[in-house]
1. Residue check, residue 75 against (1) modelled with pLDDT of 95 or more; (2) surrounded by fewer than 13 Cβ atoms within 10 Å (Cβ to Cβ); (3) outside any loop (DSSP other than H, G, I, E, B), all met but one. Which one?
2. Pick from 64, 44, 19: which is at pLDDT 95 or above and touching a Gly at 6+ places or on another chain (Cβ under 7 Å)?
3. Consider only pairs whose beta carbons are under 6 Å apart and that are at least six residues apart or on different chains; among these, list those whose first residue lies in the range 16-30 and is under 13 Å from residue 67 (Cβ atoms) and whose second residue is modelled with pLDDT under 95 and small (Gly, Ala, Ser).
4. Can you tell me how many residues in the range 2-24 are surrounded by fewer than 13 Cβ atoms within 10 Å (Cβ to Cβ), among the aliphatic types (A, V, I, L, M) and under 12 Å from residue 41 (Cβ atoms)?
5. Going by what's in this entry, would residue 37 be described as at pLDDT 95 or above and not in a helix (DSSP H, G or I)?
Amino acid sequence: MKSPIVKRSIVIGGHKTSVSLEDAFWSGLKEIALGRHTTLSNTVAEIDRCRHQSNLSSAIRLFVLDRVRARPSNSAAKQVEVSAMNGGGVESRV
C-alpha cells in the first residue's frame, strides 16, 4: 500500500531540507502562502523560526490546521452576509 505521505524538498534560509507531508497539508500550505502573497519557502522559513516542535513536518501541519481553524465557518460567513443584507440589524439565521 502506498503511503499518503510524500517527502518534499524545499529551500529555507538558503539550506535545502525535506519535509514529509500529506498532499492535503502541502496544498493547504501553498494556498496559505499564496493568500499571504509570499513564497512557499518564506512561509516554511517563518514556521521554522517560530516552531516549538522538534519536527518541521509536524510544525507545518499544526500551522495549516491553525489557519483552517481561524477561518470563519461557512455558516458564520452566511450569518454575517444575511445580517449585512438586513442593514446590520437583527441577524437572520440561515
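1. (1)
2. 64
3. none
4. Summing the residues that are surrounded by fewer than 13 Cβ atoms within 10 Å (Cβ to Cβ), among the aliphatic types (A, V, I, L, M) and under 12 Å from residue 41 (Cβ atoms) in the range 2-24 gives 0.
5. Answer is yes for this residue.
The values are calculated or read from the model by the stated rules, or taken from the named source; none is laboratory data. Bear in mind that the values here come from a model prediction, so they are computed numbers and not experimental data. Glycine gets a Cβ as well: all are built from the backbone with ideal geometry, and neighbour counts include every protein chain shown.
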